[in-house]
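Engineer: My questions will all concern the structure given below.
The values are calculated or read from the model by the stated rules, or taken from the named source; none is laboratory data. The structure presented is a predicted model; accordingly, all values stated were derived computationally and were not measured. FYI the Cβ positions are ideal-geometry reconstructions off the backbone, even for glycines, and counts take in every protein chain you see. Note: accessible area is taken over every heavy atom of the protein model, side chains too, but ligands, DNA and RNA are not part of it. Shrake-Rupley method; radii C 1.70, N 1.55, O 1.52, S 1.80 Å.
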Amino acid sequence: MDEAYDVIVLGTGLTECILSGIMSVNGKKVLHMDRNPYYGGESSSITPLEELYKRFGIGDGPPESMGRGRDWNVDLIPKFLMANGQLVKMLLYTEVTRYLDFKVVEGSFVYKAGKIYKVPSTETEALASNLMGMFEKRRFRKFLVFVANFDENDSKTLEGVDPHTTTMREVYRRFDLGQDVIDFTGHALALYRTDDYLDQPCLETINRIKLYSESLARYGKSPYLYPLYGLGELPQGFARLSAIYGGTYMLNKPVDEIVMEDGKVIGVKSEGEMARCKQLICDPSYVPDRVRPAGKVVRVICILSHPIRGTSDANSCQIIIPQNQVGRKSDIYVCLISSAHNVAAQGKYIAIASTTVETDSPENEVQPALELLEPIDQKFVAISDIYEPTEDGTESQVFCSRSYDATTHFETTCDDIKDIYRRMSGAPFDFESMKRRQNDVFGEDEQ
């Protein structure tokens, strides 16, 4: 360990592993350390099931009805991948896809007045949906056609809308869409957590709805993908990429001190040794003095013996409860996965309800979601602080990632990765920078 590196990475969360993979592919000498004996940090999958019970301090461990403990891989942070989103692009460019298998999530649903409905996102589905009356369907269909044809560089497609000044509220008004339709468009298609977007320029929202539609078009059932054996496979895939390009990995390695000189990072001390570096990437837990709290997320992991009512017995799905439906500021999300994804024993389902905390009783805040899941065999409640860095790292060369938010996809995580890359390299992020060079197989089988 007593040597010099270009970059030291602390923590093996997904953000850290993707960045260490990119840095290694770009020829940087990388040392990657984690104080835990396992990969994934906050974004790991816990196995066997006994470990999850122990982690949450629950009784004598799982009952026999839960099946074999090693059949379980339970994510601590529930998220899906948008089929046409940035993380899938990163997986394809780096060829990390060769280490992973994915399944399409079977459905995307939205909550309205105590019931759940399939999210209509194509013109055909819009016309068949029970969410809207006949006239509303026609107006919504017109809106979807407008979004599909929208091209900010082609004035003929704009229909008088200025992408940079017209607000989304005005666009909805122009198509005369009612409140329920606005709710599911903004929250279940554009995937906003709050209604702040309504008074922002409409371009971002239109692009988000396009991303949803394009992701859906790739596989048909829903716009989401999920890796077999759980999300913990993702950081491991990128860690493997870094290792192929000469990255050094050390798990179970305590970090005693981040060594600074004249306000700049120069290395990391661990167990009496020091590794030197020019730049440092880490998650918030390694630099408590360089982050500030930015809210909390409550996540309730529920083990079920049945699919969720109203989802046509889907093995996997997402349900979004828009904030207006339950008198909140932020949406509530439910992710469901099952034995079909090699994350649970046969016939068992894992549903994770999550939301941004707004009151002093976080578990009560996800109650509308928990009611959809009844009966629940076992609940595990986690309340996590969200941290964000207090500085951009350009002075200290310490680049800290943000905590994982309450969204059920990885788009915000990818934005953070691109932003850290830009600050570290001084150049905008380019997916081309992630491409493996031809014939870079380093002992891997030729493809």
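Engineer: Taking residue 293 as the residue in question, decide whether it is under 26 Å from residue 381 (Cβ atoms), surrounded by fewer than 18 Cβ atoms within 10 Å (Cβ to Cβ) and out of contact with any strand residue (DSSP E or B) (no Cβ under 8 Å at 6 or more places or on another chain). Steps first, please.
Structural biologist: Values: under 26 Å from residue 381 (Cβ atoms): yes; surrounded by fewer than 18 Cβ atoms within 10 Å (Cβ to Cβ): yes; out of contact with any strand residue (DSSP E or B) (no Cβ under 8 Å at 6 or more places or on another chain): no.
Answer is no for this residue.
Engineer: Continuing with this model, one more query. Given the condition among the polar types (S, T, N, Q), farther than 30 Å from residue 355 by Cβ and modelled with pLDDT of 95 or more, answer yes or no: does some residue in the range 96-106 qualify? Steps first, answer last, please.
Structural biologist: Just the residues of the range 96-106 that are among the polar types (S, T, N, Q), to begin with: 97.
Now narrow it down to the ones that are farther than 30 Å from residue 355 by Cβ: 97.
Next, from what is left, pick out any that are modelled with pLDDT of 95 or more: none.
No: the range 96-106 contains no residue that is among the polar types (S, T, N, Q), farther than 30 Å from residue 355 by Cβ and modelled with pLDDT of 95 or more.
Engineer: Taking residue 376, is it open to solvent by 60 Å² or more (accessible area, probe 1.4 Å), of a type in the set (A, V, I, L, M) and closer than 27 Å to residue 323 by Cβ? Don't jump to the end; show me each part of the working.
Structural biologist: Details: open to solvent by 60 Å² or more (accessible area, probe 1.4 Å): no; of a type in the set (A, V, I, L, M): yes; closer than 27 Å to residue 323 by Cβ: yes.
It is false that residue 376 is open to solvent by 60 Å² or more (accessible area, probe 1.4 Å), of a type in the set (A, V, I, L, M) and closer than 27 Å to residue 323 by Cβ.
Engineer: Search the range 1-28 for residues being under 16 Å from residue 399 (Cα atoms) and of a type in the set (Ser, Thr, Tyr), and hand back the single one that is surrounded by the fewest Cβ atoms within 10 Å (Cβ to Cβ).
Structural biologist: Among those that are under 16 Å from residue 399 (Cα atoms) and of a type in the set (Ser, Thr, Tyr), it is 5.
Engineer: Would the range 219-229 turn up any residue that is touching a helix residue (DSSP H, G or I) at 6+ places or on another chain (Cβ under 8 Å) and part of a helix (DSSP H, G or I)?
Structural biologist: There is no residue in the range 219-229 that is touching a helix residue (DSSP H, G or I) at 6+ places or on another chain (Cβ under 8 Å) and part of a helix (DSSP H, G or I).
Engineer: Among the residues of the range 226-238, is any under 27 Å from residue 325 (Cβ atoms) and either at pLDDT 95 or above or in contact with a Lys or Arg (Cβ under 9 Å, 6 or more places away or on another chain) (or both)?
Structural biologist: Yes; the residues of the range 226-238 include at least one that is under 27 Å from residue 325 (Cβ atoms) and either at pLDDT 95 or above or in contact with a Lys or Arg (Cβ under 9 Å, 6 or more places away or on another chain) (or both).
Engineer: Quick one: in the range 171-199, which of the residues that are open to solvent by less than 10 Å² (accessible area, probe 1.4 Å) and more than 26 Å from the chain's Cα centre (by Cα) is nearest to residue 319 (Cα to Cα)?
Structural biologist: 172
Engineer: On to the next question. When only residues in the range 338-363 that are farther than 18 Å from residue 118 by Cβ and hydrophobic (A, V, I, L, M, F, W, C) count, which is surrounded by the most Cβ atoms within 10 Å (Cβ to Cβ)? Break it down stepwise before answering.
Structural biologist: Start the filter on the range 338-363 by keeping residues that are farther than 18 Å from residue 118 by Cβ, which leaves 338-350, 352-363.
Still in the running and hydrophobic (A, V, I, L, M, F, W, C): 340, 343-345, 350, 352-353, 357.
Details: 340: 16, 343: 26, 344: 23, 345: 19, 350: 23, 352: 25, 353: 28, 357: 20.
Out of the qualifying residues, it is 353.
Quick grid of which residues meet (1) polar (S, T, N, Q); (2) more than 29 Å from residue 240 (Cα to Cα); (3) touching a residue at least 12 places away in the same chain (Cβ under 8 Å):
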residue: 67; (1), (2), (3): no, yes, yes
residue: 83; (1), (2), (3): no, no, yes
residue: 90; (1), (2), (3): no, no, yes
residue: 98; (1), (2), (3): no, no, yes
residue: 103; (1), (2), (3): no, no, yes
residue: 129; (1), (2), (3): yes, yes, yes
residue: 135; (1), (2), (3): no, yes, no
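Engineer: Could I ask something else about it? Which of the following residues is hydrophobic (A, V, I, L, M, F, W, C), crowded, with 18+ Cβ neighbours inside 10 Å and within 27 Å of residue 406 (Cβ to Cβ): 91, 31? If you could, list the steps in order and put the result at the bottom.
Structural biologist: Numbers: 31 fails: within 27 Å of residue 406 (Cβ to Cβ).
The unique qualifying residue is 91.
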